[in-house]
Every structure is written in structure tokens, then in C-alpha cells.
Amino acid sequence: MVRPDANLKRIADLLFEVGMLKRTPRTGYRFLGTGAESVAEHLFSTGFIGYVLAQLDGGVDVFKVVKMCLFHDLPEARTGDQNYVYKKYVQVDEERAAEDLAAGLPFADDVKGLIAEFNAHKTHEAFLSHDADQLALLLQLKEHKDLGNRYADEWLRNNAKRLQTEVAKRLAEAILQTDLSAWWFKEEDADWWIKGK
């Protein structure tokens with residue numbers, strides 16, 4: 001059964017708008033010199049990391065953290081991604097973008113509320129979501145470092161300083177001590193690499 005207040009045309013519009021995030025680039029990589037990522041790719045990583053952090057924390061609403069991670073950059077379908085350099089000079093009305101993208105949705109209050117809670121940065125769920133956002137970048141930077149980008153080190157140091165929860169700081173330490181290929185290319189398993197099985 002479909003909710004009686006559901007305007008399916010309006011929801012279809014939202015789904016197409018969310019699809020724009022697959023083609024909306026994250027702009028910080030221009031300054032790093034390597035890499036590319038869409039906002040949608042970032043949201044997927046952030047959502048998964050948020051799930052992990054919420055599970056490890058054990059004291060929060062896991063679903064709320066995941067939703068906050070998935071929703072926090074939805075306004076970028078309208079505003080584009082503004083990296084830290086751009087934010088020094090460009091004023092973006094993210095609140096208006098969130099209001100406009102949620103208008104007419106039967107779950108508008110949920111979408112706007114989660115984005116606002118993320119931006120207010122006051123609840124434990126918001127702290128975990130912010131840390132998931134930063135850990136998504138930290139993982140990308142660690143990959144770039146492991147692949148030889150010498151600038152990634154400085155970015156990693158600054159990124160790690162943004163983490164606020166103990167669980168995220170501990171996870172960041174583990175990430176920084178792990179080679180990006182360790183999960184699939186271990187020395188004790190080298191025989192499969194040679195034989196291809």
C-alpha cells in the first residue's frame with residue numbers, strides 16, 4: 001500500500017535529483033592532484049562508515065546515523081561540492097537547497113531534520129556522522145598516500161585532527177597502519193596470486 005500523502009511524481013523528481021550526485025564531482029581532489037570521486041560515491045562510503053561507527057559505539061540509533069550520513073550532502077545536487085578553499089570565498093545557501101529539495105515530500109521533515117541535525121553538530125549521532133564523513137576522506141587519502149602521492153601525508157594529518165569521537169580516532173589509527181592492499185594481497189596467500197586461484 002502506498003501512503004495516501006505520497007506524491008509519486010515528486011518522489012520521482014527527488015530520485016532523479018539524487019542521481020545527479022553520481023555526476024557531481026567532489027572538488028578537493030583538484031588540490032590534491034590525484035583522484036576523483038563523485039558526491040554519490042562519497043555518500044555511499046560515508047553511510048557504510050557511519051554504520052560501522054554506530055555499531056562500534058553501541059549507544060546510538062544506527063539507522064539514524066546511516067540516514068544522516070546518506071543525506072548530509074544531498075543539497076550538493078543543487079549547490080555543487082564546495083571544498084575548504086572554495087568555502088573561504090563562496091557563500092552557499094545549503095538550508096534553502098535542503099528546503100527546496102524536500103518540498104512536497106511526505107518525509108520532508110525527516111530529510112530536512114537530518115541535514116539540519118548534521119549541520120548543527122550537537123548530537124552524538126551528528127558527531128559520529130561527521131566522523132564518518134571525515135573517515136571517508138581519510139580512507140581516500142590513505143589510498144593516495146599508498147599509491148605515491150606525497151601530498152596526501154599532510155592532508156592525512158589535518159584530516160585526523162577533525163575526528164571527535166573516540167571510536168573514530170581508534171578506527172583512524174587502524175586505517176593509517178593498514179596498507180590499502182592488505183585485505184586481498186597477503187604474503188601467506190601469495191600462492192593464489194601466482195596460480196590465479
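The values are calculated or read from the model by the stated rules, or taken from the named source; none is laboratory data. Nothing here was measured: the structure is a model prediction, and the numbers come from that model. Positions of Cβ are generated from backbone atoms using ideal geometry, with glycine treated the same way; all protein chains shown enter the neighbour counts.
Of all residues in the range 103-130 being among the hydrophobic types (A, V, I, L, M, F, W, C), under 23 Å from Val2 (Cβ atoms) and part of a helix (DSSP H, G or I), which is farthest from the chain's Cα centre (by Cα)? Looking at the filtered set, the residue picked out is Ala108. Within the range 31-41, can you find the residues that are part of a helix (DSSP H, G or I) and not β-branched (Val, Ile, Thr)? Phe31, Leu32, Ala40, Glu41, listed by residue number. The set of residues in the range 148-186 that are at negative phi, modelled with pLDDT of 95 or more and among the small types (Gly, Ala, Ser) comprises Ala152, Ala168, Ala172, Ala174.
Here is a yes/no grid of residues against (1) acidic (Asp, Glu); (2) under 19 Å from Leu74 (Cα atoms):
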{"position": "Asn7", "(1), (2)": "no, no"}
{"position": "Ile11", "(1), (2)": "no, yes"}
{"position": "Tyr29", "(1), (2)": "no, no"}
{"position": "Leu32", "(1), (2)": "no, no"}
{"position": "Glu41", "(1), (2)": "yes, yes"}
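Can you tell me which of Phe44, Phe48, Phe63 is closer than 18 Å to His124 by Cβ, assigned to a helix (DSSP H, G or I) and among the aromatic types (Phe, Trp, Tyr)? If you could, list the steps in order and put the result at the bottom.
Working: Phe44 fails: closer than 18 Å to His124 by Cβ; Phe48 fails: closer than 18 Å to His124 by Cβ.
Going through Phe44, Phe48, Phe63 in turn, just one is closer than 18 Å to His124 by Cβ, assigned to a helix (DSSP H, G or I) and among the aromatic types (Phe, Trp, Tyr): Phe63.
Looking at the range 163-178, can you tell me whether even one residue there is touching a helix residue (DSSP H, G or I) at 6+ places or on another chain (Cβ under 9 Å), basic (Lys, Arg) and either closer than 30 Å to Arg3 by Cβ or in a loop (DSSP other than H, G, I, E, B) (or both)? No, there is no match, as no residue in the range 163-178 is touching a helix residue (DSSP H, G or I) at 6+ places or on another chain (Cβ under 9 Å), basic (Lys, Arg) and either closer than 30 Å to Arg3 by Cβ or in a loop (DSSP other than H, G, I, E, B) (or both). Residue count for the range 128-160 under the criterion of being over 23 Å from Ala182 (Cα atoms) and surrounded by fewer than 20 Cβ atoms within 10 Å (Cβ to Cβ): the result is 1.
Right, Leu101: buried (at least 16 other Cβ atoms within 10 Å of the Cβ) and in contact (Cβ under 8 Å) with a residue 60 or more places away in the chain or not? Full working, then the answer.
Values: buried (at least 16 other Cβ atoms within 10 Å of the Cβ): yes; in contact (Cβ under 8 Å) with a residue 60 or more places away in the chain: yes.
Considered against the rule, which asks whether it is buried (at least 16 other Cβ atoms within 10 Å of the Cβ) and in contact (Cβ under 8 Å) with a residue 60 or more places away in the chain, Leu101 comes out as yes.
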